[in-house]
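S.K.: My structure is below; once you've seen it, I'll send some questions.
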Amino acid sequence: MPFSSLIGNERIKKLLGRLIGDGRLGQGLIFAGPRGVGKYQFALSLAQALNCERPAEGDACGRCAACQRISAAEHLDVRTVTPDGQFIKIAQTRELSLEAQFRPYEGRHRVIIVDDADRLRIEASNSILKTLEEPPELSLIVLVTSKPYALLETIRSRCQRINFGPLSATELENYLLAAGRPREKARLVARLARGSIGSAIGVDLDEYIEKRRLMMELAEALFVQRDTVRLIKAAEYLGKKIERDDFITHIDVLMTLLSDLFRLKVGGGAESIINLDVADRLSRAAESVTPESITAVVERLESVTLGMNRNLNRQIAMEAALII
Ligand SMILES: [Zn+2]
């Protein structure tokens with residue numbers, strides 16, 4: 001895929017295009033940034049831009065044989081290494097380091113992409129480092145990572161670092177719309193994914209909406225009706241009837257509602273909230289609360305989730321958090 005078809009990080013598209021155009025790309029790059037923002041896809045697009053048969057202004061065409069072979073992971077000069085189990089091992093990098101010494105087989109530029117590069121074992125790191133120390137001409141190593149600080153200092157000092165940022169809610173929403181999601185759903189998923197396209201793809205919206213229905217009732221019982229009986233029932237459900245992991249996701253959903261209530265309360269406006277599709281209901285609830293009462297509940301819920309590691313009785317802790 002050419003850079004022009006990728007979403008987000010527009011600044012990096014321009015930067016890479018310029019570095020390719022000026023021949024200033026260097027031989028080691030670190031693509032650093034949060035998970036799920038497209039770093040690996042950018043590395044593949046870079047490999048395409050360097051090997052495309054019909055490149056234009058530092059970008060690939062996405063259609064020629066070279067571009068297609070790179071997309072299909074069939075191009076002999078573009079190789080990806082990913083962890084084998086928990087780590088990237090020396091056996092995986094040794095061969096690539098040797099290969100890097102030769103001229104490209106079929107394209108113009110050899111590109112080695114190391115995904116999750118923070119999981120390189122020390123011996124594997126050293127073999128990459130050796131290649132970076134005596135970089136063969138026409139070879140480029142791209143280290144993709146969400147934890148750049150975990151790379152060897154000696155590797156970091158020999159690479160140019162490119163910092164990726166999270167995607168905006170609008171960029172994610174446009175991506176989801178282009179992928180055929182209905183507007184209403186695309187908007188909610190884009191806001192829930194907090195800047196990560198990987199998370200946006202993974203969001204199970206039906207499950208989220210079902211949990212949100214329960215948590216919205218709980219928030220209303222807490223702040224609007226102040227209905228102790230319902231709160232005791234909710235504490236019992238969350239504290240006893242569901243598994244620990246399910247409990248944590250319910251609390252995460254409740255936290256999105258509380259943060260929305262807080263934003264509405266401090267004048268953020270409906271556009272600033274996550275659960276935009278239920279903005280009216282949230283605005284009505286917001287009339288009955290103060291920002292202080294919301295933060296007090298958030299703090300108590302946080303201490304419940306922290307206390308879970310100490311075998312705390314979840315039901316009693318939830319009653320204490322919800323009933324004042
Ligand atoms: Zn091409």
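None of the figures in this text is laboratory data; all of them are computed from the coordinates on show. On a predicted model such as this, the values are computed, not experimentally measured, just so you know. No Cβ is skipped: glycine too gets one built from the backbone with ideal geometry, and neighbour counts run over all protein chains shown.
S.K.: Contact order normalised by length for region 1-103, with contacts defined as Cα pairs under 8 Å and 6 or more residues apart; what percent is it?
M.R.: 24 percent
S.K.: Quick one: length gained pulling K130 to E299 fully straight, 0.36 nm per residue minus the C-alpha distance?
M.R.: Answer, rounded to one decimal: 55.9 nm.
S.K.: Right, next: With θ taken as phi - 60° and the coefficients 6.51, -1.76 and 1.60, list the Karplus ³J(HN,Hα) couplings across region 151-166 in order, rounded to whole Hz; mark glycine and proline as x.
M.R.: 7, 4, 4, 5, 6, 4, 6, 9, 10, 8, 9, 10, 9, 8, x, x
S.K.: I've got another one for you. Which residues' amide hydrogens lie under 5 Å from the amide hydrogen of V114, considering only partners 5 or more residues apart or on another chain, with H built in the peptide plane?
M.R.: V81, V142, L143, V144
S.K.: Also, quick follow-up: Amide H to amide H under 5 Å from V78: which residues, 5+ apart in sequence or cross-chain, H placed 1.01 Å off N in plane?
M.R.: Under 5 Å from the amide H of V78: V111.
S.K.: Please quote Rg/Rh for region 3-165 to two decimal places, taking the Kirkwood radius as Rh and restricting both calculations to Cα atoms.
M.R.: Looking at region 3-165, the ratio lands at 0.93.
S.K.: Related question: Long-range amide H contacts for I88: which residues qualify at under 5 Å (H placed 1.01 Å from N, peptide plane, sequence gap of 5 or more or a different chain)?
M.R.: Here L120, R121 satisfy the definition.
S.K.: May I pose another question? Quick one: among T145, T80, T228, which has the greatest mean-square fluctuation in a GNM of the chain with alpha-carbon springs under 10 angstrom?
M.R.: T228
S.K.: Grab the Cα-Cα distance for E207 and A56, subtract it from 0.36 nm times how many residues apart they are, and report the gain in nm with one decimal.
M.R.: Contour length minus the Cα-Cα distance gives 49.9 nm.
S.K.: What percentages make up the Cα-Cα pair-distance distribution of the chain when the bins are 20 Å wide from 0?
M.R.: So the P(r) values, bin by bin, are 27, 42, 27, 3.
S.K.: Using the Kyte-Doolittle scale, which helices in the chain average at least -1.0 and also have C-alpha atoms spread 20 Å or more along the helix axis, with helices defined as whole DSSP H runs?
M.R.: Counting only whole DSSP H runs, the qualifying helices are 205-223, 244-265, 291-307.
S.K.: OK, next. Fewest first, what order do R18, R24, R69 take by the number of other Cβ atoms within 10 Å?
M.R.: With the sparsest Cβ surroundings first, the list reads R24, R18, R69.
S.K.: With runs of 4+ DSSP H residues as the only contributors, calculate the mean residue ellipticity of the chain at 222 nm using -39,500 (n - 2.57) per run, divided by the residue total and rounded to the nearest 500.
M.R.: -16000 deg cm²/dmol
S.K.: What's the FRET efficiency of R230 with M1 using the Cβ-Cβ distance as r and R₀ = 56 Å, to the nearest 0.05?
M.R.: 0.65
S.K.: Given region 143-273 reduced to its alpha-carbon atoms as identical point scatterers, what log10 I(q)/I(0) does the Debye formula return at q = 0.10, 0.13, 0.14 Å⁻¹?
M.R.: Per q value, in the given order, log10 I(q)/I(0) is -0.49, -0.74, -0.81.
S.K.: Could you list C61, C67 in order of exposure, starting from the residue whose Cβ has the fewest other Cβ atoms within 10 Å?
M.R.: C61, C67
S.K.: Still on this structure: Give, as a single signed number, the net charge of other residues whose beta carbon lies under 13 Å from the beta carbon of G307, with Lys and Arg counted +1 and Asp and Glu -1.
M.R.: The answer is +2.
S.K.: Which loop-located GluC sites (Glu not before Pro) does region 102-145 contain, where loop means any DSSP state but H, G, I, E or B and the Cβ has at most 16 other Cβ atoms within 10 Å?
M.R.: Answer in residue order: E106, E137.
S.K.: State the antiparallel share, in %, of DSSP beta bridges confined to the chain, rounding to the nearest 5.
M.R.: Approximately 10 percent, going by the DSSP bridge assignments.
S.K.: Could you point to the residue in S5, L15, L282 farthest towards the positive end of the chain's charge dipole, with +1 and -1 charges on the Cβ of Lys/Arg and Asp/Glu respectively?
M.R.: Result: L15.
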